[in-house]
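Okay, so here's the structure we're looking at.
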Amino acid sequence: MMNFRYKLGFACLAVSLLIASCKKDYLDTTPTNAISEEEALGSITAINNSLNGTYRAMYMQYSNQEQDGHPAVMIDLDYMGEDVVHTTRGSSYFRDTYRWVDHRTEAGDLPYFVWRMYYKLISNANRILAAVPNVQATADQRRMVVGEALAIRAYSHFQLVQLFARPFYKGASASINPQPGVPILTEFTLTPQPRGTVDEVYAQVNKDLDSAIFSLTGAPQPVNKTHININVAKGLKARVALTMGNWTDAAKYAAEARAGLSLMNNADYLSGFNDINNVEWMWGAHQLTDQLPTYGSFFAYMSANYNSVHTRSNPKVMNYALYEAINASDIRRKLWWDGQESTAKDFPGVIDVSTGLPSTTQVRAPKMHRKFMVKDPAVSVGDIPYMRVAEMYLIEAEAKAKGGSLSAAYAALLPLASNRDPEYAALVTSTSVAAIMIQRRIELWGEGFRFLDLKRTRTALTRNAATGANSSLTNWASVAVDDSKWQWAIPRREINANPLITQN
């Protein structure tokens with residue numbers, strides 16, 4: 001996939017990521033730069049440590065503080081939508097992502113970071129899968145590792161093809177899908193690989209998820225929500241089916257993914273979205289203080305109360321029109337400030353740790369949020385949600401609505417909507433695709449979905465005064481559905497290194 005010099009760096013870093021989260025005694029006695037791949041993958045225990053390291057690689061910092069793994073990508077994808085609004089120019093971090101500049105700059109850091117990270121996850125998964133048959137292990141141990149590694153590989157390819165290619169098309173437009181997608185890697189190789197077609201990438205993603213679900217079915221489930229279990233694998237399958245317009249499969253797998261799981265109560269909904277032990281969370285990152293980079297983290301950019309220049313000078317607010325769509329009786333409305341002085345005490349903003357009081361330099365703005373909050377304002381640490389039960393209700397409802405049954409869609413949405421709004425059933429007795437999408441935007445605000453939702457539904461980006469958008473920052477007030485700007489630029493470093501890769 002890359003030239004020799006680049007391939008060597010890729011291979012060395014891939015091994016280091018495999019052991020990034022091994023047990024401390026293992027790391028302390030054996031320097032990471034001295035561990036061979038045989039040692040890192042030579043037993044089922046070592047393979048599980050390597051798998052832990054691969055999950056850790058999903059939220060480690062790469063080259064700078066805008067590159068804190070997948071959570072940084074979550075920020076990028078919401079900043080590129082219209083529902084997370086920047087109130088001021090603030091700091092420079094993520095500013096050109098918000099302005100739709102960075103993702104189209106092929107020589108820039110953003111495309112390279114995202115390409116590099118997901119392909120490293122794929123490389124680690126492939127090495128793990130290749131090593132499993134060569135070690136002594138029980139059948140259950142093999143099934144767990146294989147299922148998780150296949151799901152990681154599928155998820156990473158899925159993320160890449162959504163970003164670096166045009167959307168998946170179905171029906172009369174399906175002939176478009178032979179367009180170039182991204183390279184498909186099902187084994188570790190240093191041989192340059194061409195871009196698979198969008199059809200081929202999605203076929204491999206589904207093949208891997210089907211195999212992952214088969215492997216994880218009946219196997220012991222991971223203890224920690226940092227790892228992919230059978231519910232998460234089915235949730236990923238539901239996401240892929242929704243993106244492909246396979247409504248029956250999307251509804252089926254979403255319902256199966258949430259089976260036996262619960263929604264959080266309203267008190268927990270206002271508690272800061274920072275605890276992986278929340279009953280509703282299915283998969284996420286468990287961030288420890290000693291793993292926090294010196295600068296940067298999801299909460300350093302997205303929290304309401306951690307005192308960073310990014311949060312203090314540029315509080316994130318909700319799209320004004322979307323806020324007005326939230327019923328007054330809905331608990332979610334309390335996550336955003338209505339702008340009234342009487343409720344300002346509930347939105348103190350960032351905290352000055354020297355005094356324990358709200359910072360006097362905090363920029364304040366109506367519709368500023370308190371969804372994401374750190375537990376300790378002195379440290380930008382918090383767990384990060386990758387998948388929640390609420391999303392599964394939303395997928396099922398959208399799929400059933402688009403599949404032709406609005407009554408079934410309403411029934412699928414009702415448990416979630418009523419949980420958040422006790423008056424929902426009395427106020428709303430039917431639904432529509434548009435109403436479901438409003439629910440989705442409210443519920444998943446700030447969790448990294450909006451850009452991809454706009455892209456997969458062929459919805460133009462619109463940032464105008466009604467959304468609260470700052471005209472000095474928006475750059476593109478609108479982006480049409482067929483605009484090439486929806487495709488991220490393949491990194492120039494990849495094109496230069498791989499003669500089989502061409503730009504979009």
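Taken together, the values in this text are just the output of simple stated rules run on the coordinates, not laboratory data. On a predicted model such as this, the values are computed, not experimentally measured, just so you know. Methodologically, a virtual Cβ is constructed for each residue, glycine included, from the backbone with ideal geometry; neighbour enumeration extends over all protein chains shown.
Using only the C-alpha atoms, the convex hull of the chain corresponds to 141 Å³ per residue.
Longest exposed-loop-site-free stretch of the chain, with chymotrypsin sites (Phe, Trp or Tyr not before Pro), DSSP loop and at most 16 other Cβ within 10 Å?
That would be 1-294.
Net charge within 15 Å of residue 432 by Cβ-Cβ distance, Lys/Arg positive one each and Asp/Glu negative one each, not counting residue 432 itself? For residues surrounding residue 432, the net value is +3. Here the gap between residue 99 and residue 430, fully extended at 0.36 nm per residue and compared with their Cα-Cα distance, gives a gain of 115.5 nm.
Shown for 239, 458, 420: other C-beta atoms within 10 Å of each C-beta, ranked fewest to most, produce the order 458, 420, 239.
Both the radius of gyration and Dmax for the stretch 281-382 are 14.2, 41 Å, in that order, over alpha-carbon atoms.
So what's the angle, to the nearest 10 degrees on a 0 to 90 scale, between helix 406-420 and the longest Cα principal axis of the chain? The two axes meet at around 80 degrees.
Where Lys and Arg each count +1 and Asp and Glu each count -1, what net charge lies around residue 213 among other residues with Cβ under 14 Å from its Cβ?
Working: positive: 143, 153, 207, 234, 237, 239, 252; negative: 148, 208, 210, 249, 256.
Taking every other residue near residue 213 into account, the sum is +2.
Looking at the chain, which longest stretch skips every one of the GluC sites (Glu not before Pro) that is in a DSSP loop with at most 13 other Cβ atoms within 10 Å, leaving the sites themselves out? Don't skip to the answer; put the middle values down first.
On the way: sites that count: 187, 423.
So the longest stretch without any such site is 188-422.
Summarising the label geometry, the points placed 7 Å from Cα in the beta-carbon direction at residue 262 and residue 361 lie 4.4 nm from one another.
Holding the Cα-Cα limit at 23 Å, pick out from 400/455; 375/455; 225/334 the pairs that are longer than that.
On the way: 400/455 20 Å; 375/455 34 Å; 225/334 27 Å.
Checking Cα-Cα distances, 375/455; 225/334 exceed 23 Å.
With respect to the chain, whose longest principal axis is taken over its alpha-carbon atoms, helix 4-18 is tilted by about 70°. A simple spin-label model places the labels of residue 343 and residue 470 2.3 nm from each other, with each point 7 Å out along Cα-to-Cβ.
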